[in-house]
Amino acid sequence: MKKLMYFFAIVTMAVLAQSCEPTPDLSDRGAITGVVTDATTGEPIVGCGVCLSRHIPAPHMNSRTSAVEPEMVATDSLGKYEFTHLYMGTYSIAAHAGGYLPSDNVEVLLTTDNDADWIEVNFELVKAK
């Protein structure tokens with residue numbers, strides 16, 4: 001009976017370990033930066049909202065992913081933005097500003113391979129009519 005209880009305890013721990021999301025390596029961090037400009041004039045767009053969402057594997061859903069709560073920053077006086085100290089993985093990023101059409105979502109993969117732990121994504125927004 002005691003052996004049977006140990007067996008079930010080990011099986012339960014193995015199942016739980018497989019269902020948990022892996023803990024990210026805190027030493028592997030990256031950044032996504034860029035500039036948002038007016039598509040016609042090339043001038044920087046000050047105060048433009050840039051939204052970043054991280055995608056993580058959804059538990060028990062094979063290859064599907066789910067987004068983590070998005071982060072948002074505003075561009076500075078030069079139209080620059082930055083997201084730093086990001087875990088390696090897949091992100092979606094988009095820009096939007098008053099009086100402009102929102103950008104398309106851009107998928108970005110941060111990885112330690114090929115120095116892709118810092119990626120620049122620039123946006124050129126078109127004025128709304």
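Numbers at a glance
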{"item": "Test result for Tyr91, open to solvent by less than 40 Å² (accessible area, probe 1.4 Å), hydroxyl-bearing (Ser, Thr, Tyr), at pLDDT 95 or above and not in a loop (DSSP other than H, G, I, E, B)", "result": "no"}
{"item": "Every residue from the stretch 84-104 that is under 23 Å from Glu43 (Cβ atoms) and touching a strand residue (DSSP E or B) at 6+ places or on another chain (Cβ under 8 Å)", "result": "Ile93, Ala94, Ala95, His96, Ala97, Gly99, Tyr100, Leu101, Pro102, Ser103, Asp104"}
{"item": "Options Glu82, Glu71; residue that is modelled with pLDDT of 90 or more, open to solvent by 90 Å² or more (accessible area, probe 1.4 Å) and in contact with a Ser or Thr (Cβ under 6 Å, 6 or more places away or on another chain)", "result": "Glu82"}
{"item": "So Arg64, is it charged (D, E, K, R), within 21 Å of Asn122 (Cβ to Cβ) and modelled with pLDDT under 95", "result": "no"}
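The values are calculated or read from the model by the stated rules, or taken from the named source; none is laboratory data. These figures come from a predicted structure and were not determined experimentally. When we count neighbours, we look across all protein chains shown, and the Cβ atoms used for this are built from the backbone with ideal geometry, even at glycine. These area figures cover heavy atoms from the full protein model, side chains too; ligands, DNA and RNA do not enter into them. Shrake-Rupley method; radii C 1.70, N 1.55, O 1.52, S 1.80 Å.
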